[in-house]
Amino acid sequence: MKKYTYTEKKDTRSGFGAGLSELGKSNPDVVALCADLTGSLKMDAFQKDHPERFFQVGIAEANMIGIAAGLTIGGKIPFTGTFANFSTGRVYDQIRQSVAYSGKNVKICASHAGLTLGEDGATHQILEDIGLMKMLPHMCVINPCDYNQTKAATIAIADHHGPVYLRFGRPTVPNFTPADQKFEIGKAIMLNEGSDVTIIATGHLVWKAIEAGEQLAAKGISAEIINIHTIKPLDDAAILKSLAKTKCVVTAEEHQMNGGLGDSVAQLLARNTPAPQEFVAVNDSFGESGTPDQLMTKYGLDTVNIVEAAEKVMKRK
């Protein structure tokens with residue numbers, strides 16, 4: 001098992017803020033819009049350095065999406081920022097009609113996704129957003145795993161022509177990916193090669209998958225671990241290549257079991273080479289108030305759950 005270490009924990013929303021700030025200096029077409037959550041989205045630096053390219057629309061998320069769609073007509077590359085719940089569920093009609101259907105070059109950037117929003121509770125802990133967004137034609141869906149990868153993804157999506165949903169979060173998590181990484185949309189990252197079971201993880205669950213791999217290795221189980229930062233377009237080739245070797249898979253995500261990464265992997269396998277699959281995800285439930293760690297444990301999104309899922313799926317081969 002390849003050893004991964006980190007020197008600090010950082011929140012992924014700060015990676016977005018750093019990437020946006022860098023884009024502001026390098027790309028004059030990038031503009032930013034926020035729905036009254038500039039500090040929470042870490043968009044302060046962009047606002048300070050480029051006030052003429054920053055638009056504070058207030059608590060009017062639907063209007064923000066409409067403005068962003070309009071700005072693309074003039075050649076601008078708008079990045080919208082608010083909580084994931086308000087970035088998707090609240091404005092789904094506007095995204096579908098004005099952005100996806102029209103193929104507008106809008107970057108929908110969403111913080112505070114999933115259970116790790118924590119104490120704000122179920123009304124803010126959207127667990128359906130990946131499903132909502134990946135079902136829209138033309139929409140690219142990205143869910144990076146740490147600060148460095150979020151920063152790299154933010155910079156990369158400015159060069160991608162078309163609508164993008166970029167998902168990140170509030171809690172501090174291990175920052176272990178290279179600071180100078182090249183982010184390739186739709187390209188999976190092999191974290192550890194293995195032969196017994198494939199573990200495919202996204203977002204905050206990537207580090208949990210690494211921990212699970214170490215625990216499995218101590219038991220003599222060789223886990224292949226893949227970081228899927230891009231859920232759509234999915235790296236079909238990387239997944240099928242891994243499954244040809246291991247013959248079974250565990251998917252891990254901070255999202256509903258229905259409609260998420262696991263759902264996409266299951267469809268891929270059903271169309272190509274069906275194989276046993278276990279899902280580490282929220283099972284048809286809303287969240288609740290609690291600390292991020294408490295909620296991840298209660299809803300079965302912890303390291304131990306990935307280990308158990310791997311051992312279970314191997315018995316189904």
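Overview of results
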read-out: Residue within region 76-85 that is under 30 Å from PRO174 (Cβ atoms) and aromatic (Phe, Trp, Tyr) present; value: yes
read-out: Residue list for region 28-43, restricted to those being more than 20 Å from LYS104 (Cα to Cα) and buried (at least 21 other Cβ atoms within 10 Å of the Cβ); value: LEU41, LYS42, MET43
read-out: Test result for LEU240, within 22 Å of ILE185 (Cβ to Cβ), hydrophobic (A, V, I, L, M, F, W, C) and in contact with a strand residue (DSSP E or B) (Cβ under 7 Å, 6 or more places away or on another chain); value: no
read-out: Pick from region 102-117, criterion under 17 Å from LEU41 (Cβ atoms) and not aliphatic (A, V, I, L, M), ranking: surrounded by the fewest Cβ atoms within 10 Å (Cβ to Cβ); value: THR116
read-out: Every pair of residues 6+ apart whose Cβ atoms lie under 7 Å, when the first sits in region 2-23 and is surrounded by fewer than 16 Cβ atoms within 10 Å (Cβ to Cβ) while the second is of a type in the set (Ser, Thr, Tyr); value: LYS9/THR172
read-out: Flag for HIS255 being more than 23 Å from GLU193 (Cβ to Cβ), at pLDDT 95 or above and surrounded by 21 or more Cβ atoms within 10 Å (Cβ to Cβ); value: yes
read-out: Where PHE286 falls short, out of the listed (1) of a type in the set (Phe, Trp, Tyr); (2) assigned to a loop (DSSP other than H, G, I, E, B); (3) closer than 16 Å to ILE189 by Cβ; value: (3)
read-out: Per-region count, region 229-247, residues outside any helix (DSSP H, G or I) and either on the phi > 0 side of the Ramachandran plot or without any contact (Cβ under 8 Å) to a residue 60 or more places away in the chain (or both); value: 3
read-out: Every residue from region 177-205 that is in contact with a helix residue (DSSP H, G or I) (Cβ under 8 Å, 6 or more places away or on another chain), surrounded by fewer than 17 Cβ atoms within 10 Å (Cβ to Cβ) and within 13 Å of THR246 (Cβ to Cβ); value: MET190, SER195
read-out: Index of the failed condition, THR38 passing every other in (1) over 22 Å from SER102 (Cα atoms); (2) among the polar types (S, T, N, Q); (3) in a strand (DSSP E or B); value: (3)
read-out: Residue count for region 202-246, restricted to those that are among the β-branched types (Val, Ile, Thr) and over 27 Å from ASP129 (Cα atoms); value: 2
read-out: Test result for LEU41, under 25 Å from THR116 (Cα atoms) and touching a strand residue (DSSP E or B) at 6+ places or on another chain (Cβ under 6 Å); value: yes
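Residue-wise test of (1) crowded, with 24+ Cβ neighbours inside 10 Å; (2) under 30 Å from LYS298 (Cβ atoms); (3) modelled with pLDDT of 95 or more.
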{"residue": "ALA45", "(1), (2), (3)": "no, no, yes"}
{"residue": "ASN63", "(1), (2), (3)": "no, no, yes"}
{"residue": "ALA69", "(1), (2), (3)": "no, no, yes"}
{"residue": "THR88", "(1), (2), (3)": "yes, yes, yes"}
{"residue": "ASP93", "(1), (2), (3)": "no, no, yes"}
{"residue": "ALA100", "(1), (2), (3)": "no, no, yes"}
{"residue": "ASP120", "(1), (2), (3)": "no, yes, no"}
{"residue": "THR123", "(1), (2), (3)": "no, yes, no"}
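The values are calculated or read from the model by the stated rules, or taken from the named source; none is laboratory data. For clarity, every value in this text was computed on a predicted model and none was experimentally measured. With ideal geometry, Cβ positions are generated from the backbone for all residues, glycine too; neighbour counts draw on all protein chains shown.
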